[in-house]
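Step one of this worksheet: look at the structure below.
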Amino acid sequence: MKVTKEILENKKVKLEIHIDPQAFEKGMEKSYLKNRKSISVPGFRKGKVPRKIMERYYGEAVFYEDAINEIFPDAYDEAVKETGIEPVDMPEIDIVQVGSGKELILTATVVVKPEVELGQYKGIEVEKAEYTVSDHDVDHQLEHVLEDNARWIAVEDRGVQNGDRVSLDYAGSVDGKAFPGGTAEKYSLDIGSGHFIPGFEEQLIGMKPEEEKDITVTFPEDYHAEDLKGKEAIFHVKIHDIKEKELPALDDEFAKDVSEFGTLEEYKADLKQNLQKTADDNARNTMENQLIQKITDNAKIVIPEVMVENEIDNMVHEMDYRLQYNGLNMEKYLKITNTSAEDFRAQYKDSAYNRVKTQLVLEAITKAEGISVTEEDLEKEYAKLAEQYKRNVEEIKKSFSTNTKVIENSILVQKTTDKLMKEAVLVESQHDHENDHDHDQQHDHAENDAGKESVIEEEE
């Protein structure tokens with residue numbers, strides 16, 4: 001096989017690949033064997049027609065497509081290795097010459113990874129980030145643990161109060177007609193959660209078990225269903241039961257129930273230690289992000305559009321996965337937020353560009369500094385993942401056996417980042433970071449958006 005390379009504009013390369021006649025003949029024979037049962041010739045049973053007869057009847061071109069599909073992947077991979085290019089997209093294929101007894105000549109035009117012109121990346125000034133965990137932070141964490149371990153106790157001697165959990169039936173109508181998603185039976189609702197449209201939960205206050213009444217509410221003007229925006233709706237509701245939250249006592253017995261410790265003080269000390277570790281990790285991440293952003297800004301790259309679009313695809317896929325984890329999907333999310341797929345992708349364009357540029361810059365620094373992955377690095381990473389996912393090391397190794405590149409790339413990024421941090425110059429921050437770690441625990445905006453209008457959950 002022979003390959004020639006031509007550099008084109010816009011980060012494209014054209015490879016002209018010459019495949020010898022013998023290799024092409026093997027592809028033709030495989031194509032014949034694949035298709036012989038589906039091609040009929042008068043006077044012959046299907047599957048029994050000799051290849052020469054088929055070619056005489058239909059022309060040998062009948063086998064070209066599958067023959068080329070059989071040969072091209074390996075030939076293209078070999079051509080990529082031989083020329084040393086780094087494709088970032090699928091190639092555009094053109095056939096220059098094809099026919100039995102001839103060289104198969106193809107061209108493959110493909111976008112390749114751009115070159116990076118690194119700017120300053122050593123001795124970069126980075127503001128120190130230090131987060132200190134206080135007793136208040138520990139108490140705040142304990143409140144969450146108490147909430148998670150609360151019991152719901154049935155009450156019968158009073159009406160609904162804010163904070164209660166009720167089981168109810170509801171049936172909604174607009175202009176006297178029911179609408180999709182407006183009806184449910186024995187629906188569990190936490191009063192004050194804001195899960196229903198404004199005014200709905202508030203009008204349940206005071207209702208008692210088995211009580212029924214009509215509630216009138218108005219759908220918001222920005223509601224996701226076009227035919228309900230701004231419309232007045234009437235819901236007939238019936239309360240089945242009311243439960244109030246009972247928090248456990250915060251004492252040594254509680255600590256024993258929720259942890260491995262025998263006293264509340266020991267448990268609080270462990271919570272504080274874990275919170276401080278998280279805070280330290282957040283501080284480190286803050287400084288690393290600051291450093292990498294500066295280094296990325298100092299570099300110059302012309303990034304092909306296809307790389308940005310591919311990264312947007314990855315980000316949309318990540319978002320879809322998070323939505324499914326929370327019981328939604330992309331289609332429903334777009335309806336809720338009244339966003340088109342095109343506008344949604346456009347929101348990610350700048351972030352995708354920055355991701356791609358950062359990745360390319362870090363790769364260039366890794367190469368310039370001669371950073372590599374050792375067997376020891378791999379073993380440490382496998383051990384860390386095994387601990388994180390509560391599995392043994394051999395299971396982790398097996399799960400990555402066909403794709404060790406993922407692990408290796410992760411290690412390379414971290415080793416490169418560690419080296420850059422060692423060479424950075426830490427300066428005192430102009431801001432007070434103390435206790436800022438609380439603000440770092442932000443939920444993805446999409447999950448918030450998805451939760452706040454789950455009224456009358458359409459397509460429940």
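The values are calculated or read from the model by the stated rules, or taken from the named source; none is laboratory data. Note that the structure is predicted; figures quoted are calculated from it, not measured. Because the Cβ atoms are built from the backbone with ideal geometry, glycine has one as well, and the counts that use them run over all protein chains shown. Protein only, heavy atoms only, side chains kept; ligands, DNA and RNA dropped before computing areas. Shrake-Rupley method; radii C 1.70, N 1.55, O 1.52, S 1.80 Å.
Here are some notes:
- Options SER134, SER173, SER167: the member that is of a type in the set (S, T, N, Q) and more than 36 Å from the chain's Cα centre (by Cα): SER173
- The set of residues from the stretch 219-251 being open to solvent by less than 20 Å² (accessible area, probe 1.4 Å), assigned to a strand (DSSP E or B) and under 20 Å from LYS177 (Cα atoms) comprises ALA233, PHE235, VAL237.
- Qualifying residue in the stretch 171-178 (condition: over 12 Å from PHE235 (Cα atoms), out of contact with any strand residue (DSSP E or B) (no Cβ under 6 Å at 6 or more places or on another chain) and open to solvent by 20 Å² or more (accessible area, probe 1.4 Å)): no
- Failed item, numbered, when GLN293 is tested on (1) open to solvent by 60 Å² or more (accessible area, probe 1.4 Å); (2) more than 30 Å from VAL111 (Cα to Cα); (3) among the polar types (S, T, N, Q): (2)
- Residue count, the stretch 54-108 (criterion: assigned to a loop (DSSP other than H, G, I, E, B) and in contact with an Asp or Glu (Cβ under 7 Å, 6 or more places away or on another chain)): 2
- Residue match in the stretch 396-405 (condition: at pLDDT 95 or above, open to solvent by 50 Å² or more (accessible area, probe 1.4 Å), more than 22 Å from the chain's Cα centre (by Cα) and among the basic types (Lys, Arg)): no
- Residues within the stretch 338-370 that are surrounded by fewer than 17 Cβ atoms within 10 Å (Cβ to Cβ) and either not in a helix (DSSP H, G or I) or not aliphatic (A, V, I, L, M) (or both), tallied: 16
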